[in-house]
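Note sheet for the following structure.
The values are calculated or read from the model by the stated rules, or taken from the named source; none is laboratory data. Please read these numbers as outputs of a predicted model, since none were measured by experiment. Reconstructed Cβ throughout: ideal geometry from the backbone, glycine too, with neighbour counts over all protein chains shown.
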Amino acid sequence: MSDSGTSRSAPGRSRTRLAVLGSPISHSLSPIIHSAAYATLGFDWEYDAIELSGESLPTFLNSLDERWRGMSLTMPLKRDVVPLLDWVDPLVELVGGANTVVVTDDGLRGYNTDVEGAVRSFLDAGLSRLESVWILGAGATAASLLVASVRLGATRIEIFARTPTKAEPLKELGEALGVQVLVRQWKDSPSSLENPSAIISTVPGGAMDVEFSVTVRSAAALFDVAYDPWPSEIAKSWMAVCGTVISGYDLLINQAIAQVRIFAAGTPEVPLVREADAIDAMRAAIGRLDSTDHP
């Protein structure tokens with residue numbers, strides 16, 4: 001893997017194939033929202049879902065041909081892919097995970113749009129300033145949400161992990177960012193701690209086996225990165241007290257539109273023509289799905 005930097009390289013126009021990779025992948029809404037955006041923007045691209053394990057990732061990447069434009073990556077591949085890339089942006093270096101890969105004539109280029117997607121989701125919910133944050137879970141997504149929290153001003157992060165040793169990279173990340181990160185056992189009761197600005201759940205499926213008081217749920221915003229099922233159990237507990245809830249749908253769309261920017265121009269910094277229309281199309285696609293057979 002080459003050093004990260006600011007240079008960029010857009011994929012060629014003949015490259016029209018894209019996909020989301022991960023395991024499990026059958027629940028992914030990425031093909032639906034990406035396809036909706038491409039149709040709105042007039043991009044003649046195809047986007048599929050491919051079940052892929054970390055062990056199979058090197059072989060898959062080596063098999064890519066000139067038709068491939070790029071890939072979205074979900075668990076468990078965000079960290080596994082990094083050493084297989086030819087170039088990564090600084091954010092990938094920082095968080096240790098990439099959720100976006102672009103195929104170019106110069107090789108595979110890795111990006112992280114989860115951080116920007118999370119920041120935008122907080123801002124869309126009216127949360128422009130955070131102080132303390134609790135994060136449930138200690139995986140690659142938790143790292144991106146930690147960085148997003150710090151970008152919005154958080155100076156104290158508490159990580160709740162079933163296996164605290166797995167949270168050590170997050171503690172080191174916090175130190176690199178100049179913020180205090182405390183790691184707690186999952187079973188530790190959060191009710192005795194100071195109420196945070198936000199609680200971020202990176203637990204698959206939004207499972208809730210930690211109880212939060214009414215005071216916490218009323219005062220702190222919940223950011224649940226899961227969207228299947230929705231609402232999750234933890235989201236329901238916040239809704240029951242009319243608390244602020246940011247859903248995994250919000251993160252999904254906000255990180256995806258940044259991916260489309262990268263797939264189109266080789267950078268997340270250049271807005272798309274008709275970007276607002278593309279976002280509306282993504283939201284409408286999810287809305288139609290919710291009204292039919294998806295939870």
ask   = How about the range 176-295: which strands (runs of 3 or more DSSP E) wholly inside it have at least 2 residues that are at pLDDT below 95?
value = 180-185
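Within the bounds of the range 130-145, is there any residue that is outside the structural domain of I200 (by TED's automatic domain parsing) and surrounded by fewer than 18 Cβ atoms within 10 Å (Cβ to Cβ)?
No.
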ask   = In the range 213-248, how many residues are without any contact (Cβ under 8 Å) to a residue 40 or more places away in the chain and among the aromatic types (F, W, Y)?
value = 1
Selection count, the range 92-109, where residues are buried (at least 19 other Cβ atoms within 10 Å of the Cβ) and in contact with a Phe, Trp or Tyr (Cβ under 7 Å, 6 or more places away or on another chain) = 6
note = Subset of the range 137-170, residues in contact with a helix residue (DSSP H, G or I) (Cβ under 9 Å, 6 or more places away or on another chain) and among the hydroxyl-bearing types (S, T, Y), comes to T141, S144, S149
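Taking R13 as the residue in question, decide whether it is modelled with pLDDT under 95, touching a Gly at 6+ places or on another chain (Cβ under 8 Å) and surrounded by fewer than 19 Cβ atoms within 10 Å (Cβ to Cβ).
Working: modelled with pLDDT under 95: yes; touching a Gly at 6+ places or on another chain (Cβ under 8 Å): no; surrounded by fewer than 19 Cβ atoms within 10 Å (Cβ to Cβ): yes.
So R13 does not fit the description; no.
Suppose the filter is in a loop (DSSP other than H, G, I, E, B) and under 30 Å from P58 (Cα atoms); does A138 pass it?
Working: in a loop (DSSP other than H, G, I, E, B): yes; under 30 Å from P58 (Cα atoms): yes.
The answer is yes for A138.
Quick check: anything in the range 154-173 of a type in the set (S, T, Y) and within 13 Å of the chain's Cα centre (by Cα)?
No, the range 154-173 contains no residue that is of a type in the set (S, T, Y) and within 13 Å of the chain's Cα centre (by Cα).
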